Amino acid sequence: MLRLVSLKLGRLYRYVKLAVLGSLAAALVLNTHSLLASLQRNELSERRFLQLNKCPACWGTSWCRKFLNGQLRLESWGRLRLFDFFNVKNVYFARYGEPREGSRRVVLKRLGSSQELADIDTKICRRATGRGRCDLLQALHATEFASLNGDVRLLTPDAVEGWSDLVHCPSQRLLDRLVRRYAETKDSGSFLLRNLKDSERMQLLITLAFNPEPLVLQSFPSDEGWPFAKYLGACGRMVAVNYVGEELWSYFNAPWEKRVDLAWQLMEIAEQLTNNDFEFALYLLDVSFDNFAVGPRDGKVIIVDAENVLVADKKLIRQNKPENWDVWYESKFDDCDKEACLSFSKEILCARVTVDHNYYAICQNLLSRHATWRGTSGGLLHDPPAEIAKDGQLEALLDECANPKKRYGRFQAAKELREYLAQLSNNVR
């Protein structure tokens, strides 16, 4: 009976698969002319495709000249709008060419799905008029994005607190940094909000409210050693960042030595974001295999999705001394059935100086036996060599880092795990 059911399900799956392939083939035949046209033209030089008409309700204009001059072209299948149905995140790969430097690969992001972008327009209209549809550019001037006009000297915490993860608990020091390093203005370098043009100011605030990833990349740039992809520029609702390499997921079954090195780098990233000379703690609230990528030449691990990063100012916490501010905080292990689970309290992350969240996130979701992704389990360090498995030290450290049994056990386990992985990968510092 069970065999009969499985055979029927197998046939049904094949029929559905054939139906989908047949539909795609039919669509290709029926749309051959438009497909050929889309392959020939460069949509990245079209204002409508870039949604440049939405500005200043957009991410910026610093790269518009490059886009509109045809210096960027979508790669292969990215030119076919037929496949946008599968590109839910609106992420594209393109070639960017400078006359004297040749071309290089870049990643283009709309910073949201088509529905999320439409929701931005709806929210702006509702905030301004109470209706879901309106003249977007006119409505902008009746929102909080326009209220911080040229008369306002500084971007202050009370104006933007809670708008997004980045500013869930902002300090003045953080906001000054965001304004000073804002890359979508010709006169960057000043922390004075009034030095920005009205359009630039609104672009910054809208980015901060709806998807602050570009501001994270600008404020904590890769050029200064931060583990994020390099921000290049924007045009309309399209942002360009440097292409890093294949997702971490593609290294899941890489040779053991390679996986050990990647694991060591991930723990180093967790340490750098938690403890650094700037006394900003950057907590990763979304940790999964597709949020990291690996450079093909240098093998360096880089964060390629920085939308959900909470920044806590340790200097401010020490200054304000909220309740239990100096008590070490241990994140609670989340034994859920879904992928990339994390348990955290944003309020606590904002109010403690010593927090183990980043170690917990990396160990639970990427390295330990608790990590699950795309139907796999065992984490990046699965199936260690026999001698390492027999020794048991690696497994014990990973378990204590993911789900500690001792008080403050994760802090110690994370430190020892970094040292142990460094020894295994000959990365002793």
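The values are calculated or read from the model by the stated rules, or taken from the named source; none is laboratory data. Being a predicted model, the structure only gives us computed values, none of them experimental. In this analysis, Cβ positions are derived from the backbone assuming ideal geometry, glycine residues included, and neighbour counts consider all displayed protein chains. The accessibility values were calculated without ligands, DNA or RNA, using every heavy atom of the protein model including side chains. Shrake-Rupley method; radii C 1.70, N 1.55, O 1.52, S 1.80 Å.
Our coupling estimate for the stretch 217-234, obtained by passing each phi through the Karplus curve with A = 6.51, B = -1.76, C = 1.60 and θ = phi - 60°, is 5, 6, 7, 10, x, 5, 4, 9, x, 6, x, 10, 4, 7, 7, 10, x, 8 Hz, Gly and Pro reported as x.
Dipole check for the stretch 223-332: with +1 at the C-beta of Lys and Arg, -1 at the C-beta of Asp and Glu, and the Cα centre as origin, the magnitude is about 140 Debye. Only Lys, Arg, Asp and Glu carry charge here, each on its Cβ (+1 for the first two, -1 for the last two); on that basis the chain has a dipole of about 1520 debye about its Cα centre. Could you tell me the accessible area of Leu398 in Å² (1.4 Å probe, neighbours in place), rounded to the nearest ten? Using a 1.4 Å probe on the heavy atoms, I get roughly 10 Å². Applying a DSSP loop filter and a limit of 16 other Cβ atoms within 10 Å to the trypsin sites (Lys or Arg not before Pro) in the stretch 378-419 leaves Lys405, Lys406, Arg407. Between the listed residues Val355, Cys341, Ala142, the Cα displaced farthest toward the positive end of the dipole of the chain, a dipole computed from Cβ unit charges relative to the Cα centre, is found at Ala142. To the nearest 0.05, how large is the calculated FRET efficiency for Glu279 and Arg41 if R₀ is 45 Å and r is the Cβ-Cβ distance? With R0 = 45 Å, the Cβ-Cβ based efficiency is 0.35.
So, with a 1.4 angstrom probe, what is the percent of accessible area on the stretch 177-308 that is carbon and sulfur?
43 percent
Label-to-label distance for Ala389 and Glu339 is 2.5 nm, based on points extended 7 Å past Cα in the beta-carbon direction. Screening the chain for whole DSSP H helices of 30 Å or more along their axis (Cα) with average Kyte-Doolittle hydropathy at least -0.5 returns 2-30. With a Förster radius of 35 Å applied to the C-beta separation of Glu246 and Arg173, the computed FRET efficiency comes to 0.45. Residues within the reach of a label modelled at His382 (point 7 angstrom out along Cα to beta-carbon, backbone nitrogen below 13 Å), restricted to the stretch 247-265, are 249-254.
Computed over the chain, the per-residue total of -39500 (n - 2.57) for DSSP H runs of n ≥ 4 gives a 222 nm mean residue ellipticity of -11500 deg cm²/dmol, rounded to 500. Using a Gaussian network for the chain with springs between C-alpha atoms less than 10 Å apart, which of these wobbles most: Pro170, Pro384, Pro255? Among Pro170, Pro384, Pro255, the largest mean-square fluctuation in the Gaussian network model of the chain belongs to Pro255. Over 24 Å between C-alpha atoms is what I'm after, so list which of Lys66/Lys230; Lys89/Lys230; Lys109/Lys186; Lys109/Lys346; Lys186/Lys300; Lys89/Lys415 land there. The pairs that break the limit, which is 24 Å between Cα atoms, are Lys109/Lys346; Lys186/Lys300; Lys89/Lys415. Stokes-Einstein diffusion for the chain, with the hydrodynamic radius set to the Kirkwood value over Cα pairs and evaluated at 37 °C in a medium of 0.692 mPa s, equals 137 µm²/s. Of the residues Asn324, Gly375, Leu44, the one whose Cα sits farthest toward the positive end of the charge dipole of the chain, with +1 on the Cβ of Lys and Arg and -1 on the Cβ of Asp and Glu, is Leu44.
Of the residues Phe333, Phe228, the one with the largest accessible area comes first in the ranking Phe333, Phe228, computed with a 1.4 Å probe on protein heavy atoms. Shape analysis of the stretch 339-429 places it in the oblate category; the axes a ≥ b ≥ c from the Cα gyration tensor give an a/c of at least 1.5, with a/b not above b/c. Of the residues Gly102, Gly60, Gly295, the one that moves most in a GNM of the chain with alpha-carbon contacts below 10 Å is Gly102. In this entry, the stretch 121-265 is assigned a mean projected area of 10.9 nm², taken as a quarter of its C-alpha convex hull surface. Rounded to the nearest whole Hz, the Karplus-based 3J(HN,Hα) values (6.51 cos²θ - 1.76 cosθ + 1.60, θ = phi - 60°) of the stretch 295-309 follow the sequence x, x, 8, 8, x, 7, 7, 10, 7, 10, 9, 10, 5, 9, 10, with x at glycine and proline.
If R0 is 41 Å, what FRET efficiency do you get for Glu75 and Glu323 from their C-beta distance, rounded to 0.05? Here the calculated transfer efficiency is 0.20. Distant-in-sequence amide contacts of Phe228, defined by a placed amide H-H separation under 5 Å and a gap of 5 or more residues or a different chain, comprise Ser222, Ile303.
Quick check on the stretch 96-166: take the gyration tensor over C-alpha atoms, sort the square-rooted eigenvalues as a ≥ b ≥ c, and tell me if it's rounded (a/c under 1.5), prolate or oblate. Prolate. Net length available on complete extension from Arg153 to Arg105 is 13.4 nm, with 0.36 nm assigned per residue and the Cα-Cα distance removed. The residues of the stretch 246-428 expose on average 47 square angstrom of accessible surface per residue, using a 1.4 Å probe on protein heavy atoms.
Let me check against my output: what whole-number percent is the relative contact order of the chain, with C-alpha pairs under 8 Å and at least 6 apart? Computed value for the chain: 13 percent relative contact order. Rounded to whole Å, give me the distance from the Cα center of the stretch 249-299 to that of the stretch 94-112. Cα centres, the stretch 249-299 to the stretch 94-112: 24 Å.
Average projected area of the Cα convex hull of the stretch 246-428, in nm²? Reported value for the Cα convex hull: 10.6 nm². Annotation: the antiparallel percentage among DSSP beta bridges lying fully within the stretch 246-428 is about 90. Each residue of the stretch 188-195 was assigned a 3J(HN,Hα) from its phi angle through the Karplus expression (A = 6.51, B = -1.76, C = 1.60, θ = phi - 60°), giving 5, x, 9, 8, 7, 4, 5, 7 Hz with x at Gly and Pro.
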